[in-house]
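Peer 1: Before anything else, here's the structure in question.
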Amino acid sequence: MNRVSRLFAGLGAALALGLAASGAVRADDPLKVAFVYTGPVGDHGWSYQHNVGRQAVEKAFGDKVKTTYVENVSDGPDAERVIEQLAAGGAKLIFTTSFGFMNPTLKVAKRHPEVKFEHATGFKRADNLATYNARFYEGRYVAGVVAAKMSKSGTIGYIASFPIPEVVMGVNAAYLGAKTVNPNIKIKIIWVSSWFDPGKEADAAKALINQGADVLMQHTDSPAAMKLAEERGVYAIGQSSDMADFGPRAQLTSVEDHWDEYYIARVKAVMDGTWTSTDTWGGLKDGMVVLAPYGKAVPEDVARLADETKQAIVDGRLKPFTGPLNKQDGSVWLKQGESAPDKDLLSMNFYVEGVEGGLPK
Amino acid sequence: MDLVLSILLGVVVAATPLAFAAIGELVTERSGVLNLGVEGMMIIGAIAAFAATYGTGSYIIGSLAGALAGAAMGALFGVLTLSLMSNQVATGLALTLFGLGLSALIGQSYSGVSLPRFPQVHIPILTDIPFVGPLLFGQDGLVYLSIALVAGVSWFLASTRAGLILRAAGENHDAAHAIGYPVIGIRYLAVMFGGACAGLGGAYLSLVQTPLWVENMSAGRGWIALALVVFASWKPTRVLGGAYLFGGVAILQLHSQALGLRVDPQILSMLPYLATIVVLVVISRDRMTMTLNAPACLGRAFHASS
Amino acid sequence: MFKLVPRREPNAPMLYATPFIAVALTLIAGFGLFTILGKDPVQAMGLIFIKPLASYNSLAELLVKGAPLILIGVGLSIGFRAGVWNIGAEGQFTIGAICGGSVALGFYPGGGFWLLPLMALAGALGGMAWAAIPALLRTKFHANEILVSLMLTYVATLLLGFLVHGALRDPDGFNFPESRLFQDDALLPKLLPGSRANIGFLVALFAAAAAYVYLERLMLGFQARVLGQAPRAARFAGYSERRIVWSSFMISGGLAGLAGLFEAAGPVGQLVPSLPVGYGFTAIIVAFLGRLHPVGVVFAGMLMALTYIGGETAQIEMSLPSATTGVFQGMLLFFLLASDVLVNFRIVRAGKPLAPASAPAAARLTPAA
């Protein structure tokens, strides 16, 4: 028992030293910036890209910042504790990167007015809580154009996760983009009820290919579908990050999330004392959504058309959701020339006319 | 016809990892040990197989590594539950926790790399027969291994002396011990065999189903394998049938969506679990058949001092 | 060569010493693990085991994390003693949250002093109803309760997802899959000011005390113990297996349902699809670490809570990947489970033959038949 108690005593002493050291804060201490991820940083999708953003912050500011992250934080009751711990531990700017972190972030933000918070994909703000998100649907619209151009069978397969507005928006945008080049294009959708289940995503990809899809799109996070498309000789559009490593032949392009610039700008704002609570919804124009370099299979005319479409969105000449546009049931959503307000997009729970199948409730 | 064929081919891929893991757990349970750590052994098998294949370029070495790693996890479970008499249910759950953590730790250096396609068998003429050819003679080697394993286990348990002894250990360990059989030794072998099979199931996931490594890629399949053993009422051949049925439900669920049927995915996803419960009730309804099927000493620790 | 010889009675000094032996072994193994990974082992283990005890807020968080583990663990240990294997507490937890949460949402935005007790009742009843399925199928059809309760866990999680995507979805929440935030009257009162610790922890302690009395003093508790230790003897003595199975499932299911409601009405404050985070499974380990004794379960629950919170701390302070915490936790559990052998067995040099003896009761598992 003696050894055990000595070991404990040793640990206690070490800890006491550590606490004493962290107690003395100097003026030129680096700015502590923290990130909370919902998945593992190795998911090659959502959390991975946020971590790329974190690394960019470190690179940009060197020893003027100290970044830290917590991965695999579930959306449930653990999130608030982790965020609280980061705030209490001296972080001055905290990015929480999952929709499920919205209410926990708000609660902690109220308790720590001196700390700045940034929540991705949510809609609740406070004086010290900003929100940010990316207009992924813009990238998906362009991807839809590429997919329809490259599809010989006229069928696009779409692997979807959960029927939340974000994902429904993506399906509709991809379909509308595809329809501009092929009015008869069909889009087949499989909901896998998971953000991340490589086996199930691969099975869904297989089912879609078997039912005639020759271009796959996905709104799930693993590269399984890309890998399968490579094997089966069909094309695919990547998600979140550049997945060309998994489908060097199959990947036509990828709808990437780029948080680097935003993160750097916000860290700089805190350093300069110019940070305010904002609501950012950036798209292709802001570099938050980026299309990966076109794959070798994409011929020049398709690449040109995609670039033109992209440029039109960047210039604001083209808004993907513009009337005349009906809902799936035939009722009018947008009249001629009318563009969907952001509020409609952020609560979208219906397919547009032409998409087949039922939207799960 | 093509669609039916491709659905069936998809079912085979979905069913094989389940068949591997379940046939191993069946042997473990027939020896009287309940190992709830199948998920943990599978995921360790998946990363070991992936790492070994990536390192050596050989799928055979990779599959072997998966089996060995699974067997090592099984041995760890054996040390704890058989030698140190810890509770099997709790140890199995801890094994899963440990396996998921360890695989993620090892896997950190393998994220983002992938393997070429697992080679498939091609027998001239036979494989080229329409429909039947690719289905029966055009699978990958592991599929045939899984079927051979099931047949082997079936024969081993029913017709060999060693199989009889293994079953005796599961039915009545005190009697088996009194006759002079090494109950603990038998159970060690059974648990390690179970681990090796689960490891192969994991290898199938990371080498064939999705030839890449991602954390948590077993995604609950180990638990389904556990259900399968009961679903099959501890009969090897029924394990195979059950695995294909489970795989079939999973694949048909996806296909029905792609065909545009309006069914809620959450409700659909409940089906395999509800089906297992129904089958359980059906096979357990009659007390006699249940007693005939389930190993009587399942999950009970054994200790003899002589 | 050494041999294990069963003790007649569990060894009391060992009963208290083994947890410390296990922790010591874990510290040694952890030292190796962290050294291999190139992390400072003393710092890592200090962060995991001591740092969370060194601040008001993280102590309060220990209560938040420990309360559901204790509440569920206490209920499960009663059933486990009787050889009734409820592995599906996670599902009963989820259904409890759904039922109790629906009451809050049904009265939204109304409320009163009566709302919370009503929600707690609905939560407990929900958990009991979900637990009644395996109990019924086992007593009527002899279906293995391990498998049935486990399968129902998956069904419960999917059901929660289905409901928050539809019927229970926040009408003002932009169609995101989560319910409204509960009204104030539907939230659990705080235990420690300025923290998230709520009265759920007191209820958990009360449940442990009640379980202690139930097991030690009451007749049914005696029956439950007899059934677990010797099912056949119990049958001869005229105890009804049916009653034992039902009471075990009702107690463990009710407590798990209550824990689920406390989670929804406590730290979370709404229904979200990711509400079940594995407390129901972790509580099984907690029940065994506590040696199926209510007092032991309280300590085991707090220890598990400590490793979770400590793991997060280590991740924040020295960027230890979460996988490392999982491995470390797994090792701790292995050592704790393995060291139990010293309680029930003596280690002696092999030599003289001894009479065979059967295994200690707590380590048994009776199948359905």
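Bear in mind that the values in this text are calculations on the coordinates, not laboratory data. Because the structure is predicted, anything quoted here is derived from the model rather than measured. Backbone-built Cβ (ideal geometry, glycine too); neighbour counts: all protein chains shown.
Peer 1: If the viscosity is 0.890 mPa s and the temperature 25 °C, what translational diffusion coefficient in µm²/s does Stokes-Einstein give for segment C:88-216 when Rh comes from Kirkwood over Cα pairs?
Peer 2: Rounded to a whole number, D works out at 149 µm²/s.
Peer 1: Still on this model: Looking at segment B:36-95, what % of the alpha carbon pairs are farther apart than 18 Å?
Peer 2: 38
Peer 1: Across the protein assembly as shown, what fraction of all alpha-carbon pairs, as a whole percent, falls in each successive 10 Å bin from zero upward?
Peer 2: 2, 11, 20, 25, 22, 13, 6, 2, 0, 0
Peer 1: Could you list the square roots of 5 times each eigenvalue of the Cα gyration tensor of segment A:183-305, that is, the equivalent ellipsoid semi-axes, sorted largest first and rounded to whole Å?
Peer 2: Its equivalent ellipsoid spans semi-axes of 32, 17, 13 Å.
Peer 1: Using only alpha carbon pairs under 8 Å that are at least six residues apart, calculate the relative contact order of chain B and give it in whole percent.
Peer 2: 37
Peer 1: Take the Cα gyration tensor of segment C:2-55, multiply each eigenvalue by 5, square-root it, and list the three semi-axes largest first, rounded to whole angstrom.
Peer 2: Gyration-tensor ellipsoid for segment C:2-55: 31, 17, 5 Å.
Peer 1: Further question: On C-alpha positions alone, give me the angle between the axis of helix A:300-315 and the longest principal axis of chain A, in degrees, nearest 10.
Peer 2: For helix A:300-315, the angle is close to 60 degrees.
Peer 1: Under a Cβ-Cβ cut-off of 14 Å, what is the net charge of the residues other than B:G180 that fall near it, where Lys and Arg count +1 and Asp and Glu count -1?
Peer 2: That sum, taken over residues with Cβ under 14 Å, equals 0.
Peer 1: Angle, helix A:136-150 long axis vs. longest principal axis of chain A, Cα atoms, 0 to 90°, nearest 10?
Peer 2: Its long axis makes an angle of about 40 degrees.
Peer 1: Under 5 Å between amide hydrogens, which residues at least 5 positions from A:T67 or on another chain qualify, with H placed 1.01 Å from N in the peptide plane?
Peer 2: A:V33
Peer 1: For B:L261 paired with B:L274, estimate the spin-label separation in nm (one decimal), with each label point 7 Å from Cα along the Cα-to-Cβ line.
Peer 2: Placing both labels 7 Å along Cα→Cβ, they lie 1.3 nm apart.
Peer 1: Follow-up. Express the Stokes-Einstein translational diffusion coefficient of chain C in µm² s⁻¹, to the nearest whole number, given a Kirkwood radius over alpha-carbon pairs, 10 °C and a viscosity of 1.306 mPa s.
Peer 2: 73
Peer 1: Sequence gap at least 6, Cα distance under 8 Å: using those rules, report the relative contact order of chain A to the nearest whole percent.
Peer 2: That works out to 16 percent.
Peer 1: State, as an integer percentage, the relative contact order of chain C based on alpha-carbon contacts under 8 Å between residues 6 or more apart.
Peer 2: 36
Peer 1: Mind checking which of C:I251, C:G46, C:H142 is farthest towards the positive end of chain C's charge dipole, using Cβ charges of +1 (Lys, Arg) and -1 (Asp, Glu) about the Cα centre?
Peer 2: C:H142
Peer 1: Classify chain A from the C-alpha gyration tensor, please: rounded if a/c falls under 1.5, else prolate or oblate depending on whether a/b exceeds b/c.
Peer 2: Since a/c reaches 1.5 and a/b is larger than b/c, the shape of chain A is classed as prolate.
Peer 1: Here's something else I'd like to know. At what distance in nm do the modelled label points of C:R346 and A:V332 sit from each other, each positioned 7 Å from its Cα along Cα→Cβ?
Peer 2: So the label points at C:R346 and A:V332 sit 9.3 nm apart.
Peer 1: For every helix of n ≥ 4 consecutive DSSP H residues, a contribution of -39,500 (n - 2.57) applies; sum these over the protein assembly as shown, divide by its total residues, and give [θ] at 222 nm rounded to the nearest 500 deg cm²/dmol.
Peer 2: Value at 222 nm, helices only: -19500 deg cm²/dmol.
Peer 1: Hey, another quick one. Evaluate Rg over Rh across segment A:28-134, taking Cα atoms for both radii and Kirkwood's formula for Rh.
Peer 2: Ratio value, two decimals: 0.94.
Peer 1: Loop only by DSSP, 10 or fewer other Cβ within 10 Å of the Cβ. Give me the GluC sites (Glu not before Pro) in segment A:137-236 that pass, ordered by residue number.
Peer 2: Nothing satisfies the criteria.
Peer 1: While we're on this one: I need the P(r) histogram for segment A:106-152: all alpha carbon pairs, bin width 5 Å from 0 out to the longest distance, whole percents.
Peer 2: P(r) for segment A:106-152, in whole percents per bin: 5, 19, 18, 11, 8, 8, 8, 8, 6, 5, 2, 0.
Peer 1: Could you state, as a whole-number percent, how many of the C-alpha pairs of chain B are farther apart than 32 Å?
Peer 2: 27
Peer 1: Another question, then. Nearest 10 degrees, 0 to 90: what angle lies between the long axis of helix B:2-30 and the longest principal axis of chain B (Cα atoms)?
Peer 2: Around 10 degrees separate the two axes.
Peer 1: Under the rule of at least 5 residues apart or a separate chain, name every residue whose amide H is placed under 5 Å from the amide H of A:Q251.
Peer 2: Correct list: A:A236.
Peer 1: Continuing with the same structure: Take each uninterrupted DSSP H stretch in chain C, measure its Cα extent along the helix axis, and return the ones at 24 Å or beyond whose mean Kyte-Doolittle hydropathy is at least 0.5.
Peer 2: C:12-36, C:56-81, C:89-106, C:115-141, C:145-165, C:200-217, C:241-263, C:294-318, C:322-339
Peer 1: Apply the Kirkwood formula to segment A:284-346: the hydrodynamic radius equals the inverse of the mean of 1/r over all pairs of different alpha-carbon atoms; give it in Å with one decimal.
Peer 2: By the Kirkwood definition, the hydrodynamic radius is 13.8 Å.
Peer 1: Antiparallel versus total DSSP beta bridges in the protein assembly as shown: what percent is that, nearest 5?
Peer 2: Antiparallel bridges make up about 30 percent of those DSSP assigns within the protein assembly as shown.
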